[in-house]
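J.: My questions all concern the structure below.
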Amino acid sequence: MRLATTTLTAVATATALAATSTLSPVATAEETAPVPVVESGYVSWSIKDSFLRYLQGPIAKGSVTASEGLETIKNNSGKITDFKFPVDAEKTSINADGVGTIDLNGAIHFLGHKGHGGEANKNGYGLDVKLWDFKVKLTEKEAVITVDYLSKGWNPGENKPFEDQKGDDVEFAKLPLTAPIKPAVNQTVTSESGNGSLAKGGVEAMMGFYEEGIEMAPASFNVKFGEPVKPKDPAGSSLSTGGIIGIIVALLALIGGGAFFANQLGFLK
Ligand code: HEM
C-alpha cells in the first residue's frame, strides 16, 4: 500500500507539473490568434485645407510636390485639395481590436515665398517643409498620425531665418475615430474620423505658425483585409522556453519520484 501511495503521488505531481507546463503555450496561442492580414488600402487626408489654399494662393505662391506613391486630388483650377496615401501592407499590422500601425507610402514637399529665403539664399524659399514616413498609430478610438519632417524658412516676424527643424516619427496630428478599424476576413473596412487636432510634433514641423490643438482636416480610412494569418511568434517557436522547462521538470519528477516502472511491475506480479 505504501508503494502504491508513493506511485500515485509521483504520477499526480508529474501530471500537475505537465499540466502547468502545457497551460502557458495554450494561453500564448490565444493571444496570437489568427487575424486577417492587411492586403492593401489607402488613407485620404488633406492635412489642413486652409494651409493648402494659403500655400498655393497669392500670398505664398507656392507648390506642393507629392512623391513616393502619394496621389493628389486637384480642383478645377489645378490646385491640390486632398491627398491619397497608399497603405504599405507589408509594414502594417492591426490586431483583432483594431489596434496597431498603418504604414503609409508618400512624401510631400511644400515650397512657398520664393525669393524670400534671406540674403544668403536669395533664390531660396521663405517656406520649405518636407513631410514623409507617414504612419497611423491606431487605437480603438483614435488615429495618431506620425511623420518625419525637415522644415526650413524665413521668419517674417523677426526678419531672420528660422533654425532648420527636423523630426523622426513625431506625433503630427490626432484624429478621433468614429469606428475602430477591426480586421474582417476578405472585407474592406472603412472608417471616417472627426476633425483632427495638431499635436506637438506638428507645431514644430509647421515652425510654430499653428498652435497645438488647432483644427486639422478629418481623414477617411479604407483597409482591405484578406485571409487570417497567424502572427509570427517572435521567439520562433510556439512553445515558450518556460513551457519546455516545465515539461522537462515534469518528466524528471516522473522518473525520479517513485520508481514508477518498478512499482508498476510490482502491481503486475
Ligand atoms: C517669407 C516668409 C513668410 C511670409 C512673408 C509669410 C506670410 C504669411 C501671411 C501673410 C500669412 C497670412 C495668410 C492669410 O491670412 O491668408 C501667412 C499664414 C501662414 N503661414 Fe506664412 N509666411 C512666411 C513663412 C512661413 C513659414 C516658414 C511657414 C512654415 C510652415 C509658414 C506657415 C504659415 C501658416 C501655417 C499660415 C496659416 C495658413 C492658414 O490660414 O491655415 N509661413 N503667412
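J.: Does ALA143 fit the bill of being within 16 Å of the ligand (Cβ to nearest atom), under 15 Å from the mean Cα position of the chain (by Cα) and either open to solvent by less than 20 Å² (accessible area, probe 1.4 Å) or farther than 26 Å from ILE59 by Cα (or both)? Steps first, please.
T.: Numbers: within 16 Å of the ligand (Cβ to nearest atom): no; under 15 Å from the mean Cα position of the chain (by Cα): yes; either open to solvent by less than 20 Å² (accessible area, probe 1.4 Å) or farther than 26 Å from ILE59 by Cα (or both): yes.
Answer is no for this residue.
J.: Please list, ordered by first then second residue, the pairs with beta carbon atoms under 8 Å, 6 or more apart or interchain, first in the range 62-75 and in contact (Cβ under 8 Å) with a residue 60 or more places away in the chain, second of a type in the set (S, T, N, Q).
T.: GLY62/GLN56; GLU68/ASN105
J.: Consider ASP164 carefully, then state whether it is near the ligand (Cβ under 10 Å from one of its atoms), within 30 Å of PRO58 (Cβ to Cβ), charged (D, E, K, R) and in contact (Cβ under 8 Å) with a residue 12 or more places away in the chain. I'd like the intermediate steps shown before the answer.
T.: Values: near the ligand (Cβ under 10 Å from one of its atoms): no; within 30 Å of PRO58 (Cβ to Cβ): yes; charged (D, E, K, R): yes; in contact (Cβ under 8 Å) with a residue 12 or more places away in the chain: yes.
The answer is no for ASP164.
J.: Kindly check whether there is at least one residue in the range 123-132 that is assigned by TED's automatic domain parsing to the domain that holds ASN222, away from the ligand (no atom under 12 Å from the Cβ) and without any contact (Cβ under 8 Å) to a residue 12 or more places away in the chain. Quick ask: steps written out before the conclusion?
T.: Step one: list which residues in the range 123-132 are assigned by TED's automatic domain parsing to the domain that holds ASN222, which gives 123-132.
Add one more test, that the residue is away from the ligand (no atom under 12 Å from the Cβ), and what stays is 123, 132.
Retained after the next criterion (residues that are without any contact (Cβ under 8 Å) to a residue 12 or more places away in the chain): 123.
Yes, the range 123-132 contains at least one residue that is assigned by TED's automatic domain parsing to the domain that holds ASN222, away from the ligand (no atom under 12 Å from the Cβ) and without any contact (Cβ under 8 Å) to a residue 12 or more places away in the chain.
J.: A further question follows. For ASN155, state whether it is under 30 Å from LYS230 (Cα atoms) and either open to solvent by less than 70 Å² (accessible area, probe 1.4 Å) or more than 18 Å from the chain's Cα centre (by Cα) (or both). It would help to see each step written out before you state the result.
T.: Values: under 30 Å from LYS230 (Cα atoms): no; either open to solvent by less than 70 Å² (accessible area, probe 1.4 Å) or more than 18 Å from the chain's Cα centre (by Cα) (or both): yes.
No: the conditions fail for ASN155.
The values are calculated or read from the model by the stated rules, or taken from the named source; none is laboratory data. No experiment lies behind these values; they were computed from the predicted model shown. Because the Cβ atoms are built from the backbone with ideal geometry, glycine has one as well, and the counts that use them run over all protein chains shown. These accessible areas exclude ligands, DNA and RNA; they are computed on the full protein's heavy atoms, side chains included. Shrake-Rupley method; radii C 1.70, N 1.55, O 1.52, S 1.80 Å.
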